[in-house]
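Here is the structure we will look at.
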Amino acid sequence: MKSPISREELRLARSFATELYVAKARRQYDARIRKHPVARVGLAPWHDNPYPLYDEVRARGAITQGMQRGYWVSATHDVCKQALKSRAFGTIARDQPGRSSGEVDLSLLEMNPPDHTRLRRVAAPAFTPRRMAAYEGSIEKMVRGMVDDAERQGTFDLQHTLSAPLPITVISDLLGVPDADADLFTRYGTALGSALDGIKGMLHARRAFAAKTALEEMFTRLLAERERDPRDDMLSILAAEKGDTVHPEEMLPLCQLLLVAGFETTVNLIGNAIHQLMLHPDQWRLLTADPSLAPQVVEETLRYDPPIQLTSRVVMQDTAVRDHEFRAGEWIVTILGGANRDPEMFEDPNRFDITRTDNSDHLAFSSGVHYCIGAPLARLEAEVAIRVLAERLPSLRLVGKVPMRRTTVIRGVRELPLAV
Ligand code: HEM
């Protein structure tokens with residue numbers, strides 16, 4: 001028999017209340033809200049293509065009222081970038097009301113300077129260009145093995161064969177997690193990643209809680225091992241910093257963030273890139289004729305169909321952006337996927353074009369102090385995967401429906417059925 005839900009699970013469920021979740025409840029009786037594009041973003045039909053809704057948000061104004069007082073929304077590039085870069089805005093801070101501490105602690109993502117700066121400095125050395133160059137050979141070898149597998153199968157699901165196991169193996173190696181179980185980690189990642197949208201019910205809370213507990217147990221054991229017997233990996237670096245630069249209670253959330261952010265996103269960058277190339281055969285032909293275009297495919301996918309669609313900031317002190325006065329304590333949802341389609345910034349933004357030269361200033365990795373620490377690694381993995389697929393399987397084609405994930409913050413395909 002299932003055990004009754006624990007108090008901690010209940011607290012966890014409550015702690016995930018987000019603007020989108022509140023909107024869902026209110027949608028049922030408030031017609032005005034029902035018309036609001038943000039209220040519709042989380043609804044099933046829009047998972048296939050949320051971009052027209054972002055255009056509606058932008059059409060309402062560069063900064064527009066969300067569904068609750070004090071919540072603002074923007075799909076305008078210059079506003080989103082300013083909010084992400086400005087020190088007048090911060091991320092969810094532990095001392096903010098509405099966010100209880102200790103349940104799902106998103107580590108760096110919900111810290112502000114100076115604590116953020118202190119912790120980020122510990123993690124940053126693992127992602128230097130020199131480190132990246134050292135990983136390239138082993139990533140290429142892994143990808144080739146996975147493509148051999150795909151070729152043998154003839155018809156295969158790219159997500160299961162390559163997009164998921166590649167980043168899981170790479171980030172596990174980098175951290176020093178031995179024998180990572182890709183299927184198990186995929187389940188943990190899905191449970192924790194989908195929780196970013198808000199908890200949808202008790203089963204969802206239970207799954208997220210179970211994933212979090214399992215990862216905490218694993219990291220507690222591994223950190224103790226590395227403290228006794230350090231190796232050349234990230235966990236050994238963290239274990240050495242414990243109590244000094246990293247406070248004990250900050251350790252497990254940081255490990256979890258590095259692991260889950262390391263694969264929940266990259267899996268979708270690879271999936272979304274190949275998905276778009278299959279939907280745009282002319283672009284796929286360009287790439288197979290010249291596989292060295294792979295880095296441009298990565299940048300255009302990050303702009304056109306980014307794995308993280310939105311984030312948010314809290315106003316730390318009264319400030320003005322484009323004549324709009326923000327008051328301390330208000331929130332702004334920055335729709336990264338909408339900023340990336342802003343016609344003021346990108347010419348013909350709804351065209352997927354791997355030869356574009358104007359896409360470098362996309363916001364897929366955010367901007368400012370929280371700019372994605374793993375961006376060089378994500379780019380490297382995706383570039384190698386896309387290049388090798390184009391070289392080895394030029395007649396790749398879609399062979400079935402592509403189900404999208406039913407999530408709002410994270411965007412990606414659940415399966416990508418292909419034939420060689
Ligand atoms: C395509 C893949 C990826 C995408 C689209 C992505 C996206 C993002 C975004 C949008 C943020 C900032 C969120 C905000 O400003 O509120 C972020 C932060 C972060 N990402 Fe990534 N990410 C990717 C891959 C990775 C990888 C491979 C790692 C490696 C471990 C990673 C680790 C992190 C960490 C630790 C942060 C927090 C940084 C901070 O708060 O200072 N990400 N990522």
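Worth pointing out:
- Within the stretch 192-214, if we keep just the residues that are assigned to a loop (DSSP other than H, G, I, E, B) and either farther than 20 Å from Thr407 by Cα or open to solvent by 10 Å² or more (accessible area, probe 1.4 Å) (or both), the residue that is modelled with the lowest pLDDT turns out to be Lys200.
- Filtering Pro52, Pro45, Pro114, Pro37 for residues that are within 23 Å of the chain's Cα centre (by Cα) and at pLDDT 90 or above leaves a single hit, Pro52.
- Residue in the stretch 246-266 that is under 19 Å from Pro376 (Cα atoms), out of contact with any Asp or Glu (no Cβ under 9 Å at 6 or more places or on another chain), open to solvent by 20 Å² or more (accessible area, probe 1.4 Å) and not aliphatic (A, V, I, L, M) present: yes
- Picking from residues in the stretch 75-89 that are over 14 Å from Pro343 (Cα atoms) and polar (S, T, N, Q), the one that is most open to solvent (accessible area, probe 1.4 Å) is Gln82.
- Scanning the stretch 389-416 for residues that are surrounded by fewer than 20 Cβ atoms within 10 Å (Cβ to Cβ) and in contact with a Lys or Arg (Cβ under 6 Å, 6 or more places away or on another chain) turns up Pro403, Arg405, Arg414.
- Condition check for Asp282: at pLDDT 95 or above, out of contact with any helix residue (DSSP H, G or I) (no Cβ under 9 Å at 6 or more places or on another chain) and not hydrophobic (A, V, I, L, M, F, W, C): yes
- Looking across the stretch 286-326, not a single residue is free of Cβ contacts under 8 Å to residues at least 60 places away in the same chain, of a type in the set (A, V, I, L, M) and either open to solvent by less than 10 Å² (accessible area, probe 1.4 Å) or within 23 Å of Met404 (Cβ to Cβ) (or both).
- Of all the numbered requirements in (1) of a type in the set (A, V, I, L, M); (2) modelled with pLDDT of 75 or more; (3) open to solvent by less than 40 Å² (accessible area, probe 1.4 Å), Ala59 misses one, and that requirement is (3).
- Number of the condition not met by Leu235 [criteria: (1) open to solvent by 10 Å² or more (accessible area, probe 1.4 Å); (2) at pLDDT 90 or above]: (1)
- Residue pairs meeting the criteria (Cβ under 7 Å; at least 6 apart or on separate chains; first touching a residue at least 40 places away in the same chain (Cβ under 8 Å) and of a type in the set (A, V, I, L, M, F, W, C), in the stretch 335-349; second away from the ligand (no atom under 16 Å from the Cβ) and open to solvent by less than 10 Å² (accessible area, probe 1.4 Å)): Ile335/Val57; Ala339/Thr76
- All positions within the stretch 155-191 that are more than 15 Å from the ligand (Cβ to nearest atom), open to solvent by less than 20 Å² (accessible area, probe 1.4 Å) and not in a helix (DSSP H, G or I): Phe156
- Gly329 of a type in the set (Gly, Ala, Ser), within 26 Å of Thr169 (Cβ to Cβ) and touching a residue at least 12 places away in the same chain (Cβ under 8 Å): no
- When residues in the stretch 102-154 are screened for being hydroxyl-bearing (Ser, Thr, Tyr) and either outside any helix (DSSP H, G or I) or open to solvent by less than 20 Å² (accessible area, probe 1.4 Å) (or both), 2 of them pass.
The values are calculated or read from the model by the stated rules, or taken from the named source; none is laboratory data. All figures in this text were calculated on a predicted structure; none of them were measured in a lab. Every residue, glycine among them, receives a Cβ derived from its backbone with ideal geometry; neighbour counts consider all protein chains shown. SASA here: full protein model, heavy atoms, side chains in, ligands and nucleic acids out. Shrake-Rupley method; radii C 1.70, N 1.55, O 1.52, S 1.80 Å.
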